[in-house]
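Asks: Quick one: the structure is below, questions incoming.
The values are calculated or read from the model by the stated rules, or taken from the named source; none is laboratory data. Values in this document were obtained by computation on a predicted structure and should not be read as measured data. Counting neighbours? That spans all protein chains shown, and the Cβs are built from the backbone with ideal geometry, glycine included.
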Protein chains: 2
Amino acid sequence: MKRTPDRLSYAEAGVDIAAAEGLTRRLAHLAESTRSEGVQGRFGSFGGRFRISEDAELVASADGVGTKVLVARAADRHGTVGEDLVNHCVNDILTEGAVPLFFLDYFACGTLEPDVAFDVISGIARGCRENGCALLGGETAEMPGVYAPGDYDLAGFIVGRVSLPVPGRDSVSEGDLLIALPSSGLHTNGYSLARKVVFERLGLGLGDELPGTGESVADVLLRVHVSYLPFLRASCDRGAIRALAHITGGGIPGNLSRILPGDCDARVDVSTWDPGPLFGLLGRESGLEIDELYGTFNMGVGMIAAVSPDEVRQVLSEIDCEGGTGFVCGVVARGTGNVVLERAG
Amino acid sequence: MKRTPDRLSYAEAGVDIAAAEGLTRRLAHLAESTRSEGVQGRFGSFGGRFRISEDAELVASADGVGTKVLVARAADRHGTVGEDLVNHCVNDILTEGAVPLFFLDYFACGTLEPDVAFDVISGIARGCRENGCALLGGETAEMPGVYAPGDYDLAGFIVGRVSLPVPGRDSVSEGDLLIALPSSGLHTNGYSLARKVVFERLGLGLGDELPGTGESVADVLLRVHVSYLPFLRASCDRGAIRALAHITGGGIPGNLSRILPGDCDARVDVSTWDPGPLFGLLGRESGLEIDELYGTFNMGVGMIAAVSPDEVRQVLSEIDCEGGTGFVCGVVARGTGNVVLERAG
C-alpha cells in the first residue's frame, strides 16, 4: 500500500493494532478454558451470552471510552464521558438482541476530586436513565502512582437480557441491504490518533473552531456516543433486523465483517454519505489511505443493520419515527467474508 | 486522638478516605435515580442485587486491585493480580449468598505489551476456573497518555446468582459469635500506604527479605487474595451463616459494621489472633493508632461470619474440612451499630 510521507498511523499515535489482534486470539483460548454450561456462542462477539434458565439469556459487555477521557480532562468537562460509556455498552449488547438490565462502573483516578468523580458518574446515571438501565453499583478507586494527579480512567460493565429477535450473522445472506445509522462524531474510538492530528499537527486548542463546523474543538470531540436502542428497538422487536454491527474500534471493515457469513462480502458504497467536516479533516490531515482511515474511525456511521430488501422501507421509517436517521449504504453480495469499500456514486 | 510525630496516614500516602466517603453518599443518590423494577435492596452493600424472574436473583459487583498493580509491575510478575481480582469479586458477592456465573475484565495500559496482558488475563482465567466462573468477555484498551509506558490498570466485574441462604444484617442478633477467616496478606487493600512504609520508610527492595517472614517482599506483597467460597460454601448452603463481611477497604471496622443491625455492636477481641510479621511491621513502622491501623489494613482477617452460638463448632469444622482455618474473634452485643476493637486476652 502506498504511504504518503507525512502519513500518521495508529501505531505512530502509540496504539499497536496488530499486537492487539494477536492478543485477542490468545485471550479467546483463555476464555474457552473457563467455559461453563451457561455460556452461549463464541468469544469475540460484541457481547458475551450466558443462559441462566430455559427462558432467560443474558448478554454482558465491558468497555471503556479510550483517550476521550483526556479530552474531557483537558476541557474540564466531565459530565458526558459517562453517558458515552453507557451508550457504547448499550449498543454492544443490542447487537445480540439484548436490552439493558443493569450497569456497573469502575472509576479510577490519581487524586480523588469528588466533584469530578460526581460529574463523571452523573453522566453514567443519565445514560442509564435514558436507556432504562439500573446503575447497580460501582467502584471508585484512588490510585496515586498509577494515575497522575487529575487523570482518571473509566470502565463500564453492562448486563442485558435477550429480548429482541436479532438472529445475527447466520441469518445474513446475499441480497440483504445494509442500513447505516449516522454517528455523532468519533463516539469513543480513534481519540489517540484524532488528538495527534487536531492538537499536534493542526495546533488547535479546545476553544478554537474545528474548521468547517462552526463549533469548538471541545464540543465536537466530546459529542456523546449515540445510543441506537430507541431508533432500532421497534424494527428489532418485530424481527426485521437480521444482524447489527456496532461501528467501534476497527471501523466499518473491522466490525461489519463480524456479521458476515463466510460466503458473503459486504459492499459498502462510501459515496452514499458525507462523513462531514471532522472526518474530512482527519482524512486530509492524517494522510491515511482510505482503508486505514475507515479502519480507524467510524467515518460518520455508528451502527449498520443488515435487512432483507422487502423490510428496508419500513425499517427506515421506524428509525425516522423515533427521531433517528438511516440510509442504505451498501449490500451483501456473494463473496468470502470481506468488507469492500467502494465509491459507486 | 494522639498522633505520634512520625505517623503515616492514608491521606499522607495520597488517599483521601473522607473525600471518598462523602462521594459515596452522593453517588448513592445518583444510583437511586436509575432504580428499576428489578433492583433489590439498597446501594452500598457488597454487591448489587437484581431480580430477573420469580426464581432468579442476580448479584453483581465491580472491583479493582488498587495499587497492587504497581507492585506487580515493579516485580515484573503479572500472573497473579488477575486472580486477586476474581477472588475479591467472588468474596463480595458471596456475602449476598451468590455463587459466580460469569466475569468480565477491563485491562488498560499505556503501551500494549501482549505478554504482560496475557499473563494478567491468564491469572483472571485461573481465578475464574477455580471459582467455577466463566470469563465471558473483556476489554483490552491501549491508552497512551492516560497510562505511562509499562503501567496498567485492571478492573473486574462479576455476576453471580443468589443460591445460598445468607440472610444478612437483619438476621444478626445479640449473642451471635463472629468467626474470622485468615487473610493471606494485604489482599487487594492498603497498598498505597504499605508501599510507602516498605519501600520508602524501610528502604526495602522487592528481593529483600520482609523482616520476620523468611520470604521476599515481592512474595509477601503479591500473595493472592483468598477466595472464601470453597471454605464457606457448605455452611452457607445449609443456612448456618447469618451474615458475611468481606474485609476490604476500611478494614474490620469499616466492613463488619455493614452487617450489624443498629441495636448491636460487634466486639472484636484482637488478641484472638496474631496478625503476623507483615501487619506487625506495618503497625510499628507506620506509627498509626490501632483504630487507624485496623481501619486501613485487614490485619490478617479476610472474612468474618456472624453465626449463632450453637452452629459455631460445626461451621469451624466445615471450614477446616475444606482446607481453611477459622476461629472465633468476637461476639455481637447490644449496642448502636459500632465495631469495638478490644484486647481481652
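Asks: If we scan the stretch B:215-235, do we find a residue that is within 14 Å of chain A (Cβ to nearest Cβ) and not aliphatic (A, V, I, L, M)?
Replies: Checked against the condition, which is being within 14 Å of chain A (Cβ to nearest Cβ) and not aliphatic (A, V, I, L, M), the stretch B:215-235 yields no hits at all.
Asks: Would you check which residues across the stretch B:112-131 are in contact (Cβ under 8 Å) with a residue 24 or more places away in the chain and more than 7 Å from chain A (Cβ to nearest Cβ) and list them?
Replies: B:GLU113, B:VAL116, B:ASP119, B:VAL120, B:GLY123, B:ILE124, B:ARG126, B:GLY127, B:GLU130, B:ASN131
Asks: Could you tell me which of the residues B:VAL268, B:VAL226 is part of a strand (DSSP E or B) and in contact (Cβ under 8 Å) with a residue 24 or more places away in the chain?
Replies: Selected residue: B:VAL268, the only one of B:VAL268, B:VAL226 that is part of a strand (DSSP E or B) and in contact (Cβ under 8 Å) with a residue 24 or more places away in the chain.
Asks: With the structure loaded, tell me whether B:PHE102 is free of Cβ contacts under 8 Å to residues at least 24 places away in the same chain, aromatic (Phe, Trp, Tyr) and either on the phi < 0 side of the Ramachandran plot or not assigned by TED's automatic domain parsing to the domain that holds B:ARG51 (or both) or whether it fails that test.
Replies: Judged against the criteria, B:PHE102 is not a match.
Asks: Within the bounds of the stretch B:189-208, is there any residue that is in the same structural domain as B:VAL331 (by TED's automatic domain parsing), in contact (Cβ under 8 Å) with a residue 60 or more places away in the chain, under 18 Å from the mean Cα position of the chain (by Cα) and part of a loop (DSSP other than H, G, I, E, B)?
Replies: yes
Asks: May I ask you to verify whether A:GLY123 is at pLDDT below 90 and either in contact with a helix residue (DSSP H, G or I) (Cβ under 7 Å, 6 or more places away or on another chain) or of a type in the set (D, E, K, R) (or both)?
Replies: No.
Asks: Hey, another quick one. Considering each residue of the stretch B:271-292, count those that are buried (at least 21 other Cβ atoms within 10 Å of the Cβ), of a type outside the set (Phe, Trp, Tyr) and either within 18 Å of the chain's Cα centre (by Cα) or assigned to a helix (DSSP H, G or I) (or both), and give that number.
Replies: Within the stretch B:271-292, residues that are buried (at least 21 other Cβ atoms within 10 Å of the Cβ), of a type outside the set (Phe, Trp, Tyr) and either within 18 Å of the chain's Cα centre (by Cα) or assigned to a helix (DSSP H, G or I) (or both) number 5.
Asks: What tally of residues in the stretch B:85-110 results from selecting those that are more than 7 Å from chain A (Cβ to nearest Cβ) and either part of a helix (DSSP H, G or I) or over 18 Å from B:SER163 (Cβ atoms) (or both)?
Replies: Number of matching residues: 13.
Asks: Give the residues of the stretch B:52-76 that are at the interface with another protein chain (Cβ under 7 Å from one of its Cβ atoms) and crowded, with 24+ Cβ neighbours inside 10 Å, sorted by residue number.
Replies: If the condition is that a residue be at the interface with another protein chain (Cβ under 7 Å from one of its Cβ atoms) and crowded, with 24+ Cβ neighbours inside 10 Å, then B:ALA60, B:SER61, B:ALA62, B:ASP63, B:GLY64, B:GLY66, B:THR67, B:VAL69 are the ones that fit.
Asks: For A:VAL166, state whether it is touching a strand residue (DSSP E or B) at 6+ places or on another chain (Cβ under 7 Å), in a loop (DSSP other than H, G, I, E, B) and among the hydrophobic types (A, V, I, L, M, F, W, C).
Replies: yes
Asks: Considering only the stretch A:322-336, I want to know if a residue exists there that is free of Cβ contacts under 8 Å to residues at least 40 places away in the same chain and either over 30 Å from A:GLU200 (Cβ atoms) or of a type outside the set (Lys, Arg) (or both).
Replies: No, because not a single residue in the stretch A:322-336 is free of Cβ contacts under 8 Å to residues at least 40 places away in the same chain and either over 30 Å from A:GLU200 (Cβ atoms) or of a type outside the set (Lys, Arg) (or both).
Asks: Could you tell me whether the stretch A:38-56 includes any residue that is within 19 Å of the chain's Cα centre (by Cα) and charged (D, E, K, R)?
Replies: Yes; the residues of the stretch A:38-56 include at least one that is within 19 Å of the chain's Cα centre (by Cα) and charged (D, E, K, R).
Asks: What is the residue count in the stretch A:28-41 for residues that are farther than 19 Å from A:LEU244 by Cβ and either at pLDDT below 85 or surrounded by fewer than 20 Cβ atoms within 10 Å (Cβ to Cβ) (or both)?
Replies: Count: 8.
Asks: Here's a follow-up. Of the residues that make up the stretch B:223-243, is at least one modelled with pLDDT of 95 or more, out of contact with any Ser or Thr (no Cβ under 9 Å at 6 or more places or on another chain) and under 30 Å from A:GLY110 (Cα atoms)?
Replies: yes
Asks: Would it be correct to say that A:THR24 is within 23 Å of the chain's Cα centre (by Cα), more than 7 Å from chain B (Cβ to nearest Cβ) and at pLDDT 90 or above?
Replies: Taking the combined requirement at face value, the residue does not satisfy it.
Asks: Just checking, which of A:GLY44, A:GLY79, A:GLY14 is surrounded by fewer than 21 Cβ atoms within 10 Å (Cβ to Cβ), modelled with pLDDT of 85 or more and outside any helix (DSSP H, G or I)?
Replies: Going through A:GLY44, A:GLY79, A:GLY14 in turn, just one is surrounded by fewer than 21 Cβ atoms within 10 Å (Cβ to Cβ), modelled with pLDDT of 85 or more and outside any helix (DSSP H, G or I): A:GLY79.
Asks: Can I ask one more? A:LEU260: aliphatic (A, V, I, L, M) and closer than 20 Å to A:ALA20 by Cβ, yes or no?
Replies: The answer is no for A:LEU260.
Asks: Now for a different question. Which residues, taken from the stretch A:147-160, are within 20 Å of B:PHE157 (Cα to Cα) and facing chain B (nearest Cβ under 7 Å)?
Replies: A:ASP153, A:ALA155, A:PHE157, A:VAL159
Asks: Checking the conditions here, which among B:ALA117, B:ALA148, B:ALA141, B:ALA155 is closer than 30 Å to A:LYS196 by Cα, in the same structural domain as B:ARG77 (by TED's automatic domain parsing) and at pLDDT 95 or above?
Replies: Selected residue: B:ALA155, the only one of B:ALA117, B:ALA148, B:ALA141, B:ALA155 that is closer than 30 Å to A:LYS196 by Cα, in the same structural domain as B:ARG77 (by TED's automatic domain parsing) and at pLDDT 95 or above.
Asks: Among (1) aliphatic (A, V, I, L, M); (2) buried (at least 24 other Cβ atoms within 10 Å of the Cβ); (3) within 26 Å of A:ASP151 (Cβ to Cβ), where does B:VAL90 come up short?
Replies: Answer for B:VAL90: the failing condition is (3).
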